[in-house]
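Reading through the structure tokens given below for one structure.
The values are calculated or read from the model by the stated rules, or taken from the named source; none is laboratory data. Everything numeric in this text was worked out from a predicted model, so none of it was measured. Ideal geometry is used to build each Cβ from the backbone, glycine not excepted, and the neighbour counts take in all protein chains shown. Note: accessible area is taken over every heavy atom of the protein model, side chains too, but ligands, DNA and RNA are not part of it. Shrake-Rupley method; radii C 1.70, N 1.55, O 1.52, S 1.80 Å.
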Amino acid sequence: QVQLVESGGGLVQPGGSLRLSCVASGSIVNVYTMGWYRQAPGQQRELVAFASRDETPNYRDSIKGRFTISIDNVKNTVYLQMNSLKPEDTAIYYCNADILSVGSVGSRYYWGQGIQVTVSS
């Protein structure tokens, strides 16, 4: 069994910063990619950023230059450093990872439970 647990969300003023963390744990053989999605009220879930061990991270255009994704491969942890936050960044942020678990033939995507980020004055 594999679990993803997010932390680091909360309320921040416009222009502020937050750092999200997501730890993958359980019967993990290998982690291929880790990333972040977000879903604002009344909107579809959208990709924010993802990264893998050997490839350049990918970001959605609206957060380029403000958000940075990084992975600690030893700890199976992905971080999202969010700077210059805007009210439109308000959403539930979900961790996502492509993981091969013990006893599985192939990898599959797992989701965290989500964490609220609110940008407001």
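Apply 1/(1 + (r/R0)^6) to the Cβ-Cβ distance of Ser84 and Gln113, taking R0 = 25 Å, and write down the FRET efficiency to the nearest 0.05.
Values: r = 27 Å, r/R0 = 1.06.
So the FRET efficiency works out to roughly 0.40.
For the chain, what's the relative contact order in percent, using C-alpha pairs closer than 8 Å and at least 6 residues apart?
Relative CO of the chain lands at 36 percent.
First check a/c for the chain, with a ≥ b ≥ c the square roots of the eigenvalues of its C-alpha gyration tensor; if it is under 1.5, answer rounded, and if not, answer prolate when a/b is larger than b/c or oblate otherwise.
Values: a/c = 2.11, a/b = 1.84, b/c = 1.14.
Prolate is the answer for the chain, as a/c is 1.5 or above and a/b outweighs b/c.
Tell me, what HN-Hα J-couplings in whole Hz come from the Karplus equation 6.51 cos²θ - 1.76 cosθ + 1.60 at θ = phi - 60° for each residue of region 14-21, using x for Gly and Pro?
Ordered by residue, 3J(HN,Hα) equals x, x, x, 10, 9, 10, 8, 10 Hz.
With a probe of 1.4 Å, find how much accessible area the chain has per residue, and write the answer as a whole number in Å².
On the way: 6560 Å² over 121 residues.
Here the residues of the chain average 54 Å² of exposed surface.
Calculate what fraction, in whole %, of the accessible area of the chain sits on carbon and sulfur atoms when a 1.4 Å probe is rolled over the protein chains.
Details: 3050 of 6560 Å².
Reported share for carbon and sulfur atoms: 47 percent.
Which loop GluC sites (Glu not before Pro) in region 3-106, with loop taken from DSSP, have no more than 15 other Cβ atoms within 10 angstrom of their Cβ? Mind dumping the intermediate values first?
Numbers: sites: Glu6, Glu46, Glu55, Glu88; in loops: Glu55.
Counting only loop positions with at most 15 other Cβ atoms within 10 Å, the GluC sites (Glu not before Pro) in region 3-106 are Glu55.
Work out which trypsin sites (Lys or Arg not before Pro) in the chain are exposed loop sites (DSSP not H, G, I, E or B, at most 12 other Cβ within 10 Å) and give the longest gap free of them. Provide the component values of the computation, followed by the final result.
Details: sites that count: Arg53, Lys64, Lys75.
Formally, the longest exposed-site-free interval is 1-52.
In whole Hz and in residue order, list the ³J(HN,Hα) couplings for region 30-38 that follow from phi through the Karplus curve 6.51 cos²θ - 1.76 cosθ + 1.60, θ = phi - 60°; x for Gly and Pro.
Each residue of region 30-38 in turn: 7, 10, 8, 9, 9, x, 10, 10, 9 Hz.
Tell me which residues come under 5 Å, amide H to amide H, from Phe67 once H is placed; ignore anything under 5 positions away on its chain.
It is Asn83, by chain and number.
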